[in-house]
Amino acid sequence: MEVDKIILPKELLTQLVAHAKKSSPNESVSMISGTTKEGIAYAEKVYTPENIDQSTTTFTVDPLILLEIYTEIEEEGRLLVAIYHTHPALPQPSGTDRHYMEVNPCIWLISSTKKPEEPKGYLLEENGNLKEVEISILI
């Protein structure tokens with residue numbers, strides 16, 4: 001995915017934050033579908049599966065739920081544009097995140113469990129470098 005920016009409607013950010021607060025102190029995980037055009041990802045829908053790890057440092061989505069989400073995204077003609085999750089520490093990718101960013105080449109929005117409303121966006125480039133992605137909240 002070649003993007004520099006994600007446009008996230010405020011109502012979708014509200015859904016992400018509510019799910020993060022409900023999941024706290026454990027990591028939350030959400031998936032965001034949408035479209036891309038000219039280097040911009042447009043967030044259109046949020047999925048808020050449960051973190052079956054029930055962990056403060058890892059997250060896993062039930063594989064059947066994950067398949068349902070991917071199927072719905074495809075049937076609706078959208079893309080997985082971002083994965084949002086929380087960390088108990090700073091909002092930056094962990095080593096585990098970097099590994100899964102290779103498998104899920106979309107924007108990774110990460111926020112601290114203390115400030116779920118302030119995510120940072122990252123994209124793993126083909127050369128292995130992390131690129132910070134601008135997040136624009138659409139009011």
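Could you give each residue of the stretch 39-53 its phi-based ³J(HN,Hα) in whole Hz, using Karplus coefficients 6.51, -1.76, 1.60 with θ = phi - 60°, and x for Gly or Pro?
Whole-Hz 3J(HN,Hα) from phi for the stretch 39-53: x, 10, 9, 10, 6, 10, 8, 10, 10, 10, x, 7, 7, 6, 6.
Counting only residues 5 or more places away or on other chains, whose amide H sits under 5 Å from the amide H of TYR42 once H atoms are built in the peptide plane?
ILE7, THR35, THR36, LYS37
Among 75-84, 126-135, what's the highest-first ranking by average C-beta atoms within 10 angstrom per residue?
75-84, 126-135
Can you give me the long-range amide H partners of SER55? Hydrogens built in the peptide plane at 1.01 Å from N, cutoff under 5 Å, separation of 5 or more residues or another chain.
The list, which skips near neighbours in sequence, is GLU27.
Net charge around ILE65, counting only other residues with Cβ within less than 13 Å of its Cβ (Lys, Arg = +1; Asp, Glu = -1)?
So the environment of ILE65 carries a net charge of -4.
Could you give the semi-axes, largest first, of the ellipsoid that matches the chain, computed as the square roots of 5 times the alpha carbon gyration tensor eigenvalues and rounded to whole Å?
Its equivalent ellipsoid spans semi-axes of 20, 17, 16 Å.
Gap in Å between the Cα centre of the stretch 110-131 and the Cα centre of the stretch 66-108?
If we compute the Cα centre of each part, the gap is 11 Å.
Rank-order 45-52, 59-66 by packing density, defined as the average count of other C-beta atoms within 10 Å over each peptide's residues, highest first.
In decreasing order of mean packing, 45-52, 59-66 become 45-52, 59-66.
Once you charge only the Cβ atoms, +1 for Lys and Arg and -1 for Asp and Glu, what is the size of the charge dipole of the stretch 5-138 about its Cα centre, to the nearest 20 debye?
My answer is approximately 540 debye.
Of LYS5/LYS115; LYS21/LYS131; LYS10/LYS45; LYS37/LYS120; LYS5/LYS120, which pairs sit farther than 18 Å apart, going by alpha carbon to alpha carbon?
Check vs 18 Å cut-off fails for LYS5/LYS115; LYS21/LYS131; LYS37/LYS120.
Read-outs: derived from the displayed coordinates by stated rules, not from any lab. Not measured: the values here are computed from a predicted model. Positions of Cβ are backbone-derived with ideal geometry, glycine not excepted, and every protein chain shown enters the neighbour counts.
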